[in-house]
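What follows is a single structure, written as structure tokens, with notes after it.
The values are calculated or read from the model by the stated rules, or taken from the named source; none is laboratory data. Just so you know, these numbers come straight off a predicted model, no measurement behind them. Neighbour counts run over all protein chains shown; Cβ positions are idealised from the backbone, glycine included. To get the accessible areas, we keep the full protein, side chains included, count just its heavy atoms, and leave off ligands, DNA and RNA. Shrake-Rupley method; radii C 1.70, N 1.55, O 1.52, S 1.80 Å.
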Amino acid sequence: MTSADTIVSSLHTHRHTLAHGTMEGPYKYSRVRAAERSEPHLARIQTDSVVEKLKELYPHLALEIGGSCSGGAIGEKSLFTKELENALEKNEVDLVVHSLKDLPTTLPSGFTIGAVLKRENPHDAVVLHPKHLGRTLETLPESSVIGTSSLRRAAQLKKRFPQLLFKDIRGNLNTRLKKLDEKDDYAAIVLAAAGLRRMGWDDRIGQILRPEDCMYAVGQGALAVEVRARDADILEMVSVLHDPETVLRCIAERAFLRRLEGGCSVPVAVHTEVKNSQLYLTGAVFSLDGSDSLKDTMQTSVAADDKSSDAVDERVQRVGVTASGVPGGAQDGAERLGEDLANLLLSKGAKEILTVARQLNDAR
Ligand code: DPM
């Protein structure tokens, strides 16, 4: 993705420099506990990677992974998040690592996203059955069955590749890969490139889908650290993990989704870019078969030297994110961009498309 290094580095000057290594850490704490995520495997890998980063930054701090929480395959997100938030609330753990795209745009009160890490490849990827190695969605035989339970992916791909068939596939990533490889039910499955990469399965990626084929989900590819909203020490500690460009992109994306009243499972997709101090947001809504859709792009300035920024509070939550260290004016601009784009699509009938999609999906 395009990364505007100049903007990002100037945004970084808003907080203590990290270049010279380590920091003292939150005063009140000598020990910080991250929630253990035993299942699914991806959640554990993600937690480990964030804890490793924190250990490097705060070598004097005892960082533990504890307070075991189990269960929760893909699709059981809300239950599972609730359990983790209970542990946070009861002070059994101090932080919880999530895929940002699994966190609702409005968090329960008392919690906030204290860090959004640098986004990895946000695009979707095609994983092929070994017998189709070397093919792409364009070149798979007609009527090949593609596995996905994402309404967003199915809607876009059905429209784009009418010669293919789409079928639900459930379970965590391990289960899905197994179902693909060991049976003959699916010619390919579609998953987020970032999740595959974190699992160490890059070599299974047969094709990265371009935005023309399939735009990604809000927040896809970024990790989020959820903390107690009132815990200033922990908030300060994790805030150094924020990637300013990712924060601004994801605030815009989440504001777009919130205004559309979309949750985890609506056919809504986005694409964002920061280029020359401009944040570009493309957003789209789809009917379930993709035949009906609305899509538009808007942009706003996120220049770090914008004078109006100084007067704006950085520390308030925006779509659940507390991003102290990222200029408040740019954050507000990103949030407004998402809302404006949603309003534009709503004025063209987005609500009707999503309502019908939701009803049809509930009736399935
Ligand atoms: C959400 C969706 C999916 C996950 C819906 C969507 C995919 C569900 C499915 C909101 N969460 O994307 O349209 O395929 O049935 C999830 C994955 C990751 C986080 C796995 C994946 C890893 C990538 C990341 C499940 N949540 O999408 O392949 O961190 O963004």
Being open to solvent by 20 Å² or more (accessible area, probe 1.4 Å), within 15 Å of the chain's Cα centre (by Cα), in contact (Cβ under 8 Å) with a residue 12 or more places away in the chain and within 16 Å of the ligand (Cβ to nearest atom) is the requirement here; does ARG197 meet it?
yes
As an exercise: evaluate ASP289 against (1) in contact with a strand residue (DSSP E or B) (Cβ under 9 Å, 6 or more places away or on another chain); (2) in contact (Cβ under 8 Å) with a residue 24 or more places away in the chain; (3) over 17 Å from PHE111 (Cβ atoms) and give the number of the one condition it does not meet.
(1)
Output the residue which, of all residues in region 119-173 that are acidic (Asp, Glu) and more than 15 Å from the ligand (Cβ to nearest atom), is most open to solvent (accessible area, probe 1.4 Å).
GLU142
Apart from one, (1) part of a loop (DSSP other than H, G, I, E, B); (2) more than 19 Å from ALA269 (Cα to Cα) all hold for ASP233; the odd one out is (1)
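Condition check ((1) aliphatic (A, V, I, L, M); (2) open to solvent by less than 40 Å² (accessible area, probe 1.4 Å); (3) at pLDDT below 55) across all residues:
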| residue | (1), (2), (3) |
| --- | --- |
| HIS16 | no, no, yes |
| GLY25 | no, yes, no |
| ARG31 | no, no, no |
| ILE65 | yes, no, no |
| GLU76 | no, no, yes |
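To keep it simple, each residue is scored yes or no on (1) under 29 Å from GLY110 (Cβ atoms); (2) away from the ligand (no atom under 14 Å from the Cβ).
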{"position": "LYS183", "(1), (2)": "no, yes"}
{"position": "ILE189", "(1), (2)": "no, no"}
{"position": "ILE205", "(1), (2)": "no, no"}
{"position": "ARG228", "(1), (2)": "yes, yes"}
{"position": "ASP233", "(1), (2)": "yes, yes"}
